[in-house]
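The values are calculated or read from the model by the stated rules, or taken from the named source; none is laboratory data. Remember, it's a predicted structure, so these values are computed and weren't measured experimentally. All Cβ positions, even for glycine, are placed from backbone atoms using ideal geometry, and neighbour counts span all protein chains on display.
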Amino acid sequence: MTILVTGATGRVGRQVVDQLVQRGAAVRVLTRDPSKTSFPAGVEVVQGDLLDLDAMRTAFSGVRTLFLLNAVTGDEFTQAILTLNLAREAGVERVVYLSVIHADRFVNVPHFAVKYGAERMLREMGFSATILRPTYFIDNDHTIKDVVLQHGVYPMPIGGKGLAMIDTRDIAELAAIELIRRDQAPATLPTETINLVGPDALTGADAAAIWSEALGRPVVYGGDDPAGFERNAAGFLPKWMAYEMRLMAERFVSDGMLPEAGDAERLTRMLGRPLRSYREFVAEITAAG
């Protein structure tokens with residue numbers, strides 16, 4: 001049967017498509033603008049978005065398993081509600097949902113609260129689901145590499161509690177493993193939640209030290225300043241989103257994003273290899289010049 005991938009042109013979704021194709025799955029994608037990305041041969045493309053009900057009904061035809069990825073938007077919850085209702089209407093029972101770690105705790109952060117609401121929908125509506133809860137994406141730090149390289153400052157206010165950052169390549173591979181497992185199961189499987197974490201819980205000072213070591217010169221941590229982060233982000237993001245990023249950074253500082261016992265070991269077993277580390281990410285950046 002066919003697996004439908006939403007968010008298929010984004011950082012995670014595009015890699016999920018590739019991972020599924022490599023595993024021989026029948027894949028269909030929903031995308032607003034098919035011209036923005038070229039998909040592997042054999043991938044079906046439906047043009048539309050999660051608010052386009054006609055396109056969604058077309059996309060769900062003949063689908064058994066859904067990969068649901070919602071971008072952070074002002075109407076993210078509406079998109080999730082509509083998608084899950086349409087999935088149930090189409091007879092889709094098997095879902096892999098990309099949530100976020102601590103969705104049930106960081107409820108003052110809008111996109112965390114939204115994802116916790118979607119998790120509740122999956123359970124209450126009787127879906128057979130894997131809920132993936134990733135931590136902070138290592139790849140987010142592509143956006144601040146120039147600040148590090150040019151000014152010797154690691155500017156992300158990630159605090160001193162620690163973030164078990166994860167590489168999006170690992171997220172995509174783990175998502176594909178779960179999609180294939182659910183899609184190929186002879187019967188629906190129990191719903192479960194998996195924390196997606198990296199191998200190390202890093203503080204802001206830890207991240208700066210890794211950059212210092214790789215560059216051979218001092219890099220300092222910019223400090224715990226979520227308000228300053230909001231001011232900077234408001235220069236290139238909508239103000240509501242910049243404020244939301246501040247709220248998230250405040251929870252980084254107060255709580256961190258720490259794994260539960262056994263999380264990293266479970267993921268290593270699923271992948272059959274070690275998780276990618278932040279140190280490897282920095283080494284790739286510095287090697288590229």
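Is there a residue being crowded, with 16+ Cβ neighbours inside 10 Å and within 23 Å of the chain's Cα centre (by Cα) anywhere in region 221-228? Yes - at least one qualifying residue is present in region 221-228.
In the set (1) closer than 21 Å to Pro274 by Cβ; (2) surrounded by 19 or more Cβ atoms within 10 Å (Cβ to Cβ); (3) small (Gly, Ala, Ser), Gly159 fails one condition alone, (1). Whether any residue in region 36-57 is under 21 Å from the mean Cα position of the chain (by Cα) and part of a helix (DSSP H, G or I) is what I want to check. Checked against the condition, which is being under 21 Å from the mean Cα position of the chain (by Cα) and part of a helix (DSSP H, G or I), region 36-57 yields at least one hit.
What about Arg94, is it modelled with pLDDT under 95 and touching a Phe, Trp or Tyr at 6+ places or on another chain (Cβ under 8 Å)? Steps first, please.
Values: modelled with pLDDT under 95: no; touching a Phe, Trp or Tyr at 6+ places or on another chain (Cβ under 8 Å): yes.
Answer is no for this residue.
Just need a number here: residues in region 190-210 that are in contact with a Ser or Thr (Cβ under 8 Å, 6 or more places away or on another chain), of a type outside the set (S, T, N, Q) and surrounded by 15 or more Cβ atoms within 10 Å (Cβ to Cβ). So the answer is 6.
A Cβ distance below 7 Å, combined with a sequence gap of six or more or placement on separate chains, defines the contacts here; from region 133-152, residues that are surrounded by fewer than 16 Cβ atoms within 10 Å (Cβ to Cβ) reach residues that are charged (D, E, K, R) and outside any strand (DSSP E or B) in the pairs Gly152/Arg217.
Exactly one residue out of Arg273, Arg269, Arg246, Arg251 is surrounded by fewer than 19 Cβ atoms within 10 Å (Cβ to Cβ), at pLDDT 95 or above, part of a helix (DSSP H, G or I) and of a type outside the set (Asp, Glu): that is Arg269. Of all the listed residues (Leu179, Leu174, Leu237, Leu258), the sole one being within 20 Å of the chain's Cα centre (by Cα) and at pLDDT below 95 is Leu237. On the basis of being within 18 Å of the chain's Cα centre (by Cα) and acidic (Asp, Glu), does Asp141 make the cut? Judged against the criteria, Asp141 is a match. Counting only residues that are touching a helix residue (DSSP H, G or I) at 6+ places or on another chain (Cβ under 7 Å) and either in a strand (DSSP E or B) or of a type in the set (D, E, K, R) (or both), how many does region 62-81 have? The number of residues fulfilling the criteria is 6. If you go through region 65-73 one residue at a time, do you hit one that is in contact (Cβ under 8 Å) with a residue 24 or more places away in the chain and either over 23 Å from Ile180 (Cβ atoms) or surrounded by fewer than 14 Cβ atoms within 10 Å (Cβ to Cβ) (or both)? Within region 65-73, one or more residues are in contact (Cβ under 8 Å) with a residue 24 or more places away in the chain and either over 23 Å from Ile180 (Cβ atoms) or surrounded by fewer than 14 Cβ atoms within 10 Å (Cβ to Cβ) (or both). Screening Asp263 with (1) over 30 Å from Glu178 (Cα atoms); (2) charged (D, E, K, R); (3) surrounded by 17 or more Cβ atoms within 10 Å (Cβ to Cβ) gives one miss only, at (1).
Pairs meeting the criteria (first residue in region 86-109 and within 26 Å of Gly62 (Cβ to Cβ) and without any contact (Cβ under 8 Å) to a residue 24 or more places away in the chain, second residue in a strand (DSSP E or B) and of a type in the set (Lys, Arg), beta carbons under 9 Å, at least 6 apart or on different chains) are Gly91/Arg64.
Can you tell which of Ala113, Ala164 is over 28 Å from Ala25 (Cβ atoms), buried (at least 23 other Cβ atoms within 10 Å of the Cβ) and out of contact with any helix residue (DSSP H, G or I) (no Cβ under 6 Å at 6 or more places or on another chain)? Talk me through it step by step, then tell me what you get.
Values: Ala113 fails: buried (at least 23 other Cβ atoms within 10 Å of the Cβ).
Just one listed residue meets the conditions, Ala164.
Matching residues to (1) without any contact (Cβ under 8 Å) to a residue 60 or more places away in the chain; (2) not polar (S, T, N, Q):
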position: Glu178; (1), (2): no, yes
position: Thr188; (1), (2): no, no
position: Arg217; (1), (2): no, yes
position: Gly222; (1), (2): no, yes
position: Leu258; (1), (2): no, yes
position: Glu284; (1), (2): yes, yes
